[in-house]
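A quick write-up on the structure given underneath.
Values quoted throughout were computed directly from the atomic coordinates according to the rules given, and no laboratory measurement underlies them. None of these values were measured; they are calculated from a predicted model. Glycine gets a Cβ as well: all are built from the backbone with ideal geometry, and neighbour counts include every protein chain shown.
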Amino acid sequence: MISSIDESVFPGAPHARIAGAGIQAPAILPRSAFTQAAPTAAMMPMGAIERVTIHHSGFPQAWTADDQQLTAEHLEFIRRFHTDAQPQGRGWADIGYHFAVDRAGRVWQARTLLHQGAHVRNHNQHNVGIVVLGNFDMQSPTHSQARGLTDLVTCLRCIYAIVPMAIRTHRELADEPTSCPGEALMAQVRAFRGF
């Protein structure tokens, strides 16, 4: 577990501001907790981090597992779907999201913040992608999951000086209609923005 403002997880974190604000990172499971695979191709650099976009995994069945090993296998399934060649997969260089939050509230490092994600077409530049595991059109996030997401978003906001209105959802940025992140998760995002 990574439980401090670690440069390998939060690159470019301004250490003086962090120390002065007493910012605590949530415990984060490293990428190696679900995969040993490296990206399959070069990726675009992230550059300055300016916003966060929240997603749900949105599979047709509700995701209810809170076991760490089952969650690791599920994240690896998502990574393979994102990296496998079309038509079976997306053909991307890596898992599209930077972080995942599971049903037990654990935060997982997915794609490094050094590189742009692949989570909102045409809007990935400077944008941290967080996937919350579940389909929130048919289920609600657990209390632990909501707390894990809140802790992660709060940490990112403090580290990178992200304003509340820069906390977005997939549906708000997507060029094509989507219900992501589901109605049950929209309330959480509205709370981040204060309305």
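For the chain, the membrane-span-like helices by this rule, meaning whole DSSP H stretches whose C-alpha atoms cover at least 15 Å of axis and whose Kyte-Doolittle mean is -0.5 or above, are 143-160, 183-193; this says nothing about an actual membrane.
Over all pairs of different C-alpha atoms in the range 45-97, the reciprocal of the mean inverse distance, the Kirkwood hydrodynamic radius, equals 13.0 Å. Put in order of Cβ neighbour count within 10 Å, fewest first, the listed residues His115, His56 become His115, His56. The HN-Hα couplings worked out from phi for the range 122-128 by the Karplus form 6.51 cos²θ - 1.76 cosθ + 1.60 (θ = phi - 60°) are 6, 9, 8, 5, 6, 10, 7 Hz, whole numbers, x standing for Gly and Pro. A full extension of the chain between Ala65 and Arg121 corresponds to an added length of 17.3 nm, given 0.36 nm per residue minus the alpha carbon distance. Sorting the Cα pairs of the range 120-190 by distance into bins of 5 Å, from 0 upward, gives 3, 15, 26, 26, 19, 9, 1 percent per bin.
Which one of Phe59, Leu75, Val101 has its Cα pushed farthest toward the positive end of the charge dipole of the range 55-101, where Lys and Arg give +1 and Asp and Glu give -1 at the Cβ? Checking the options against the dipole of the range 55-101, the answer is Phe59. Between Ala37 and Gln86, the distance separating the two model label sites (each 7 Å from Cα on the Cα→Cβ line) works out to 1.8 nm.
Beta bridges per DSSP, both residues in the chain: antiparallel share near 25 percent. Put simply, the amide H of Arg168, placed in the peptide plane, has neighbours under 5 Å in Val52, Thr53, Ile54, leaving out anything fewer than 5 places away on its chain. Computed from phi, the 3J(HN,Hα) profile of the range 88-100 under the Karplus parametrisation 6.51, -1.76, 1.60 (θ = phi - 60°) reads 5, x, 8, x, 7, 6, 6, 4, x, 9, 8, 9, 10 Hz, with x in place of Gly and Pro. Computed about the Cα centre, the dipole magnitude for the range 1-151 is approximately 260 debye when only Lys and Arg (+1) and Asp and Glu (-1) carry charge, each at its Cβ.
Stokes-Einstein diffusion coefficient for the chain at 4 °C in a medium of 1.567 mPa s, Rh from the Kirkwood formula over Cα pairs: what value in µm²/s? In µm²/s, the coefficient is 78.
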